[in-house]
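*Asks:* The structure follows.
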Amino acid sequence: MQTDYMVIGRSRNAHNIQRLVDGIEAKGYSCYNFLNIPASPENPDLPWEEQMKIAESHPDFWNSADYKETFQKDMAGLKNANTIIMLLPAGLATHMEAGVAFGLNKNLILIGEVEKPETLYLMFKERYKDIDSFLASI
């Protein structure tokens, strides 16, 4: 499904990611939301932090059909979004997603303050200091 935006970020920042997604959708835009897919399919009602602990300790992560399906859905989200927004703070996986998005020629937006600027951050054509600044711009 084609969407206007996809927000990528650290799942432990779920509250702010959800706030950004809600703000985008309130403005009438569509947004792929990875938070709609439980990090621990066996425990979807647990808070994200607890789901992530379970996911990270999965005894057979590499062969898990659930995690392979999540990967496929998230990659489809990247491919089908017009614009990718990276919300800081972001971990390694989020930076990998940004690299994939750049390779797919997606519009890239960065929200938050970069602690250690690297030249690769120049892939982001727009930068905003916070969620509210970005939402005011759309």
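Nothing in this text is a laboratory measurement; each read-out follows from the coordinates by a stated rule. The shown structure was predicted, so the numbers you read here are calculated from the model rather than taken from an experiment. Here the Cβ positions follow ideal geometry from the backbone for every residue, glycine too, while neighbour counts run over all protein chains shown.
*Asks:* Report, in degrees rounded to the nearest 10, the 0 to 90 angle that the Cα long axis of helix 65-80 makes with the longest principal axis of the chain.
*Replies:* Around 20 degrees separate the two axes.
*Asks:* Can you find, among 18, 39, 102, the residue sitting farthest towards the positive end of the charge dipole of region 17-138, where Lys and Arg contribute +1 and Asp and Glu -1 at Cβ?
*Replies:* In region 17-138, that residue is 102.
*Asks:* Quick one: dipole size for region 1-93, taken about the Cα centre, charges +1 on Lys/Arg Cβ and -1 on Asp/Glu Cβ, in debye to the nearest 20.
*Replies:* It works out to roughly 360 debye.
*Asks:* Shape verdict for region 1-79, please, from the Cα gyration tensor: rounded (a/c under 1.5), prolate (a/b greater than b/c) or oblate.
*Replies:* It comes out oblate by the Cα gyration axes.
*Asks:* If you only keep lysine pairs separated by 8 or more in sequence, or across chains, how many in the chain come under 22 Å at the Cα atoms?
*Replies:* 13
*Asks:* Moving on to the next point. Once you list every other residue whose beta carbon is under 15 Å from the beta carbon of residue 35, what net charge do they have if Lys and Arg are +1 and Asp and Glu are -1?
*Replies:* -3
*Asks:* State, to one decimal in nm, how far the label point of residue 114 lies from the label point of residue 138, with both points 7 Å from Cα in the Cβ direction.
*Replies:* Distance between the two pseudo-spin positions: 2.1 nm.
*Asks:* Moving on. To the nearest 0.05, what FRET efficiency results for residue 30 and residue 65 with a Förster distance of 30 Å applied to their C-beta separation?
*Replies:* 0.60
*Asks:* With springs only between Cα atoms under 10 Å apart, run a GNM on the chain and tell me which of 88, 46, 20 wobbles the most.
*Replies:* 46
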